[in-house]
1. Projecting each Cα onto the charge dipole of the stretch 112-170 (Lys/Arg +1, Asp/Glu -1 at the beta carbon, about the Cα centre), which of Ile155, Leu126, Ile145 comes out farthest on the positive side?
2. Taking other Cβ within 10 Å of each residue's Cβ, how do Glu205, Glu220 sort, fewest first?
3. Full-extension gain between Leu268 and Ala49, please, as 0.36 nm times their residue separation minus the C-alpha to C-alpha distance.
4. If I stretch the segment between Arg74 and Leu20 completely, what's the gain in nm (0.36 nm per residue apart, minus their alpha carbon distance), one decimal?
5. How long, wide and thick is the stretch 11-86, going by the Cα atoms along their three principal axes, in whole angstroms, largest first?
6. Could you point to the residue in Ser231, Gly207, Gly251 farthest towards the positive end of the stretch 169-279's charge dipole, with +1 and -1 charges on the Cβ of Lys/Arg and Asp/Glu respectively?
7. Could you sort the peptides 269-278, 255-264 by per-residue average Cβ neighbour count (10 Å cutoff), highest mean leading?
8. Run the quick spin-label model on Ile95 and Arg162: label points 7 Å from Cα toward the beta carbon, then report their separation in nm to one decimal.
Amino acid sequence: MTTVIFTSVYRDRLNAYVDLRRSLGFHLGSQVYILGKFDRVIQREMSAAGPITRAVVEAFLGSLGGLLPITRHRQLSIVRQFLLHLSQFEPETFIPDHGMEPARGFPRAPHIYSEREIQALLTAALAYSVRPRGALRPLTYHTLIAFLYATGMRISETLDLRLGDVDFRQGVIKIRKAKFDKSRLVPVLPSTCEGLKRYLVARAERGHPTTADAALFVNESMRPVCYPTASATFNKIARRAGLRGSQGTRGPRIHDLRHSFAVRRLLLWYRQGKKVQALLHVLATYMGHSHVSALDVYLTATSELLAEAGARFERHFPLDVEAHGGITS
């Protein structure tokens, strides 16, 4: 669970809002981090209690720097939801309209990692230089990247895992209160279990807690790895692997590992001759979606996937030009 300590004059309202949303089944994840950014702006702009004004909201937008318009729009939308909640108690609260930060453009297309790129990421993770030498971080990110690619789990779900959620005997991972407050069991391959076991041995050798409630993925301070750090470190590793340009440029993201898992599973089913449409509900359930339509965002058509789908169509509906009288204009 993402933990942010609010410190502004509105810290109590922010904490109450987060608690309320979680009690309703929302898995806030990085949203709490964004509210923390807003809290720091409030602290800087407001020395005493009073209504949150337009100037405070504009200062928050100014703090977002060179983020893409659609990212700025999403972060403002998260803050807007809090301000709507706050207006019940502070009627003079400024509520930004949806046009204050328009979401120009379209969401970026996901990057589907090739096997070669995954291997490059894993190699770069192990070679990631940190001090002191022998620190756990390289193996943490090597294991984290491999785990995300092998399971298709959300990064927020993965970082929330505790040691007691891993059942090596049954070969399953228990995800507690994920998106929409739903828990589920995720079967994992023996190779994934072996990778986790190696990580747990190294983790224990460095003195990290081994109790059931201890976080699975940890940093050198023996605290759970948080999403902003995981994302930033992944970007550095991807840059070292040659998959991203210089700092500040766009490139493959950690969440694209989930996209890649879904496309890889579809591709495998096509090659195995499976009835893919009939299996989509299985994939949706495994990935924690409540409806098959939610897969649309992940199932990006790659050239490889389109080729397999086209070959499947050809096998079932062969195109015989002569039989159909040729192609006419």
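1. Leu126
2. Glu205, Glu220
3. Length gained between Leu268 and Ala49: 73.0 nm.
4. Separation in residues times 0.36 nm, less the Cα-Cα distance, equals 17.4 nm.
5. Principal extents (largest minus smallest coordinate, Cα): 32, 32, 17 Å.
6. Going by the charge dipole, the pick is Gly251.
7. Numbers: 269-278: 12.0, 255-264: 22.0.
My ranking of the peptides, most packed first, is 255-264, 269-278.
8. The modelled label-to-label distance comes out at 3.9 nm.
Taken together, the values in this text are just the output of simple stated rules run on the coordinates, not laboratory data. Predicted model only: the values in this text are computed from it and were never measured. As a convention, Cβ positions derive from the backbone with ideal geometry for all residues, glycine included, and neighbour counts pool all protein chains shown.
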